[in-house]
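Everything below concerns the one structure shown next.
The values are calculated or read from the model by the stated rules, or taken from the named source; none is laboratory data. Every value quoted in this text rests on a predicted model; they were computed, and no experiment measured them. Note that each Cβ is placed from the backbone with ideal geometry, even for glycine, and that neighbours are counted across all protein chains shown. Please note that ligands, DNA and RNA were not included when accessible areas were found on the heavy atoms of the full protein model with its side chains. Shrake-Rupley method; radii C 1.70, N 1.55, O 1.52, S 1.80 Å.
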Amino acid sequence: MKIAFVGKGGSGKTTLSSLFVRHLAATAQPVVAVDADINQHLGPALGLDEAEAAALPALGEHLPLIKDYLRGGNPRITSADTMIKTTPPGTGSRLLRVRENNPVYDACARSVELDGGAARLMVTGPFTDADLGVSCYHSKTGAVELCLNHLVDGRDEFVVVDMTAGSDSFASGMFTRFDITFLVAEPTRKGVSVYRQYKEYARDFGVVLKVVGNKVQGQDDLDFLRAEVGDDLLVTVGHSDWVRAMEKGRPPRFELLEDVNRRALRMLEIAADATYELRDWERYTQQMVHFHLKNARSWGNERTGADLAAQVDPGFVLDESITAPV
């Protein structure tokens, strides 16, 4: 299951995505955690110290390797240089799977131990001074989108992505790459503004959107969120002494997380599991192609000097039954 955590800056989306990763790992479920926010806070939220977090390999720095591996023997992609962030897979492409070992994971993922469990962690890499004036942060997150386009995941397999703050994922098609999106919102007008943007933009794409109310302190906060987001409100989270200790770098064992917050995480898991029956791989592939053609026309063809529409394999549908190419 592919799961996104989104929200405005400071909403608590990184904290909640890290708690959800810990929850899954604690029950020995395979999970790949992806920090797609250039602020790069997911590693520390999963218990890494500053040096460990800084040493994580950046997906953006391994983009040539990623493209070359995913291209595989796809005859429609003449070279890795013509691949852009929205390039879809086709016959002959190599796909990524949650449980496997492959060169992309070898180069870009690191195992993080979490109270007896473990998760694979991948990061986009931070936006550095060297990037100023020559690139935008979308060039960093493009590697994440390319990997998601080539990812095949099944029931009881989880990919949890901590997204860029705000509604920036709508600059491409990445917001359609998930089975469910958890929007973390505080009980304030600013807190629900991103929800309204997501709700409006995602309306025509079948995006499953649920709101997680964070920093909820009483009935008035709860009533406010219910009035603003209605039935999309899934669960609320309040103050956590466990989280406060984690933010100080001294997290207790995860089993000591407050019962009310453990129940909230379980509700997130149940909601994610429920979307499995809603999967429509044909629509998923069509959306991938839609955004690829849109990006090709707007900038991709000019930048690569190629007709990127030719990369689309009209008979190909991404799904769990595809076997790895020989």
#### Entry: Integer Hz, Karplus 6.51/-1.76/1.60 couplings in order for region 298-303, x for Gly and Pro
6, 7, x, 4, 5, 5
### Query
Hey, what's region 204-326 come to in accessible area per residue, 1.4 Å probe, Å²?
60
#### Entry: For the chain, share of DSSP beta bridges that run antiparallel, in % to the nearest 5
15
### Message
What do you get for the angle between helix 281-295 and the principal long axis of the chain? Use alpha-carbon atoms, 0 to 90 degrees, nearest ten.
### Response
70
### Query
About its Cα centre, how strong a charge dipole does region 1-89 have in debye, to the nearest 20, once Lys and Arg get +1 and Asp and Glu get -1 at the Cβ?
500
### Message
As I understand it, the value is the acute angle between the Cα axis of helix 189-202 and the longest principal axis of the Cα atoms of the chain; what does it come to in degrees, rounded to 10?
### Response
30
### Query
What dipole magnitude, in Debye to the nearest 20, does region 64-112 give about its Cα centre under +1 on Lys/Arg Cβ and -1 on Asp/Glu Cβ?
140
### Query
Tell me, what is the percent relative contact order of the chain, built from C-alpha pairs under 8 Å that lie six or more residues apart?
26
### Message
Quick check: the angle from helix 138-149's long axis to the longest principal axis of the chain, C-alpha only, nearest 10 degrees?
### Response
80
### Task
Treating only the Cβ atoms of Lys and Arg (+1) and Asp and Glu (-1) as charged, compute the dipole magnitude of region 169-231 about its Cα centre; round to the nearest 20 debye.
200
### Query
Which order do Trp242, Trp299, Trp281 take when ranked by solvent-accessible area (1.4 Å probe, heavy atoms of all protein chains), largest first?
Trp299, Trp281, Trp242
### Query
How large is ³J(HN,Hα) for each residue in region 77-86, as worked out from phi by the Karplus curve 6.51 cos²θ - 1.76 cosθ + 1.60 (θ = phi - 60°), to whole Hz, x for Gly and Pro?
10, 6, 7, 5, 5, 8, 7, 10, 4, 9
### Summary
Which residues qualify? For Val237, with a placed amide H closer than 5 Å and at least 5 residues away or on another chain, they are Gly213, Asn214, Lys215, Val216
### Task
Sort Phe291, Phe205 by accessible area with a 1.4 Å probe, largest first.
Phe205, Phe291
### Query
Longest span of the chain, sites excluded, free of trypsin sites (Lys or Arg not before Pro) in DSSP loop with at most 12 other C-beta atoms within 10 Å?
1-98
### Message
Longer than 20 Å from Cα to Cα, which of Lys13/Lys190; Lys13/Lys210; Lys85/Lys190; Lys8/Lys294 are they? Say none if no pair is.
### Response
Lys85/Lys190; Lys8/Lys294
### Query
Here are some values of Cα Rg over 2.2 N^0.38 Å: (1) 1.10; (2) 0.97; (3) 0.91. Which one was computed from this structure?
(2)
### Task
Post the alpha-carbon centroid distance, region 1-19 to region 282-297, in whole angstrom.
26
### Message
Modelling each spin label as a point 7 Å along the Cα-to-Cβ direction, I'd like the Glu61/Arg196 distance in nm, to one decimal.
### Response
4.1
### Message
Just to be sure I understand the model, the point goes 7 Å from the Cα along the line to the Cβ. What's the resulting Arg155 to Arg297 distance in nm?
### Response
4.0
